[in-house]
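Enquirer: Take this structure first; my questions come after.
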Amino acid sequence: MMRRIAVLDAPTNLGLRPPTSTSVPGCGKAPGALRDHELLARLGARDAGCLTAPRYDPGDWRPGDGVCHAREISGYSTALADRIGAIIDRGEFPLVLGGDCSVLLGSALAMHRLGEAVGGRIGLVFVDGHSDFRHPGNASYVGAAAGEDLALVTGRGQADLAAIEGRRPYFRDIDVVVLGIRAQDEYRLDLQAAGIITRPVPALRAEGAARSAQWAHEQLADCAGYWVHIDVDVLDPAVMPAVDAPDPGGIAFAELEILLAGLVDTPHCLGVELTVFDPDYDPDGAYAAEIVNTVVAGLAPVVAPDAVAPRLLPPQPQSTDSGSSTFGRSVHGPPASRRSVPGSSDSGSSVSGSSVSGTASGPSGYGTRASGPADAPGRAEEPVS
């Protein structure tokens, strides 16, 4: 039976630095710009509303103060997690329209809650032009959460963002797959050292978008399900310049469509978020139209008549290997594998396994298994200085 998509607007810009001293980032306008191109009607989606973001005001933030807007982002993330959880409880497929990449914190919190409720852990497919892996361990200071989101959701950074509700990390390093970063990403070696596997653009292109999606499935085979994060700056600025940190060497719209379709064409994909499109750089709406076309085509497997309802995999047997994670995925040598602060490899089958449906007491009655307990320079992603 067809899976129903529910579209939720998350128009936050709190994770970015001001583009100028007298303006605010424009990506908070993205959900409205995409809706103007009939996104919901074309997806046959339910309108899950809009979670209004707090006021954007860096105030007297200075380097060394931690992440700018941290209190606001933390509260917003908790509310966003509630909304995503409610969508999943209805058996629907959430499509979250950001907003900047700090929306990942809310999605991550929702996924961690879900994993805990049903006794499993959820993975992350991180499709982004930048690793967003800046944190206090590899940078002189932090400030813009949109350049630090992957670091934060893997437990690196201040507790009010990285450990909301005492949950740290939201995603384990071994449960993250990064696709589409540039070959010379500033933090690529940090990802590799952490054991976060990546497929940068050259490798993604060499293997093809469809096979790369299949490869991502394989890497998360030990997870009960996974969430997909897409930052449209994964696209090359020649075709998508309307982002806060355009960086040459990205992929094409056709490749993103194929990649998205491959990632969602499984009942173990629990939802998708779309971030960083900035309508201020798209005065005639042409780029918004391209994004909508790509998303509609890419999500076609979700709404296909023969689509399988969301399903979470049962727990894997625990390993006795001293280097293994709590839920049995052994950690041996690290597999191969930005945003800025306000002002300043690879191999590729789909996840398979029996489902446990309707037996858990957690959200949606899904059967799953408990989780244990960034950056290229750009218009709006640099540390605040």
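The values are calculated or read from the model by the stated rules, or taken from the named source; none is laboratory data. Bear in mind that the values here come from a model prediction, so they are computed numbers and not experimental data. Don't worry about glycine lacking a Cβ; one is built from the backbone with ideal geometry, like all the others, and counts go over all protein chains shown. Side chains included, ligands, DNA and RNA excluded: accessible areas come from the protein's heavy atoms. Shrake-Rupley method; radii C 1.70, N 1.55, O 1.52, S 1.80 Å.
Enquirer: Out of the total accessible area of the range 74-165 (probe 1.4 Å, heavy atoms of protein only), what percent is carbon and sulfur?
Expert: On the way: 930 of 1830 Å².
In the range 74-165, the share of accessible area belonging to carbon and sulfur is 51 percent.
Enquirer: Ok, one more. At a probe size of 1.4 Å, how large is the accessible area of residue 290, to the nearest 10 Å²?
Expert: 80
Enquirer: Hey, what do the phi angles of the range 283-293 turn into as Karplus ³J(HN,Hα) couplings, whole Hz, using 6.51/-1.76/1.60 and θ = phi - 60°, x for Gly and Pro?
Expert: The phi angles translate into x, 9, x, 5, 6, 4, 4, 5, 4, 4, 4 Hz.
Enquirer: Here is a follow-up. Let me spell out the model: positive unit charges on the Cβ of Lys and Arg, negative unit charges on the Cβ of Asp and Glu, origin at the Cα centre of the range 119-219. What dipole size does that give, in debye rounded to 20? Provide the component values of the computation, followed by the final result.
Expert: Working: 11 positive and 13 negative charges, 39 e Å.
Taking the Cα centre of the range 119-219 as origin, the dipole is about 180 debye.
Enquirer: Can you give the charge dipole size of the range 200-277 about its Cα centre, rounded to the nearest 20 debye, using +1 on the beta carbon of Lys and Arg and -1 on the beta carbon of Asp and Glu? Can you show the working numbers first?
Expert: Values: 2 positive and 12 negative charges, 34 e Å.
For the range 200-277, the charge dipole is close to 160 debye.
Enquirer: With unit charges on the beta carbon (Lys/Arg positive, Asp/Glu negative), name the residue among 203, 213, 154 whose Cα is farthest towards the positive pole of the charge dipole of the range 101-257.
Expert: Most positive-ward Cα: 154.
Enquirer: Which residue, chosen from 44, 74, 26, occupies the Cα position most advanced towards the positive end of the dipole of the range 16-76, where the dipole is computed from +1 (Lys, Arg) and -1 (Asp, Glu) charges on Cβ about the Cα centre?
Expert: Of the candidates, 44 comes out farthest on the positive side.
Enquirer: Could you order peptides 46-56, 95-105, 71-81, 266-276 by the average number of other Cβ atoms within 10 Å of their residues, highest first? Mind showing how you got there, number by number?
Expert: Working: 46-56: 15.7, 95-105: 30.5, 71-81: 21.1, 266-276: 25.9.
Put in order of decreasing packing, that is 95-105, 266-276, 71-81, 46-56.
Enquirer: Can you bin the range 1-117 into rounded, prolate or oblate? Criterion: square roots of the alpha carbon gyration tensor eigenvalues sorted a ≥ b ≥ c, rounded for a/c under 1.5, prolate for a/b above b/c, oblate for the rest. Walk me through the numbers before you get to the answer.
Expert: Details: a/c = 3.35, a/b = 1.49, b/c = 2.25.
Oblate shape, in that a/c is at least 1.5 and b/c is the bigger or equal ratio.
Enquirer: Give me the accessible area per residue for the range 98-144, probe 1.4 Å, as a whole number in Å². Intermediate values should be presented prior to the final figure.
Expert: On the way: 710 Å² over 47 residues.
The answer is 15 Å² per residue.
Enquirer: Per-residue accessible area for residue 93 at 1.4 Å probe radius, Å² rounded to 10?
Expert: For residue 93, the solvent-accessible surface is approximately 0 Å².
Enquirer: Quick one: accessible area per residue over the range 219-310, 1.4 Å probe, rounded to a whole number of Å²? Don't jump to the answer; show the numbers that get you there.
Expert: Values: 2570 Å² over 92 residues.
Computed with neighbouring chains in place, this is 28 Å² per residue.
Enquirer: Defining a contact as two alpha carbons under 8 Å apart and six or more residues distant in sequence, what relative contact order in percent does the range 177-291 show? Don't skip to the end; give the middle numbers.
Expert: Details: 151 pairs, mean separation 31.7, N = 115.
RCO, the range 177-291: 28 percent.
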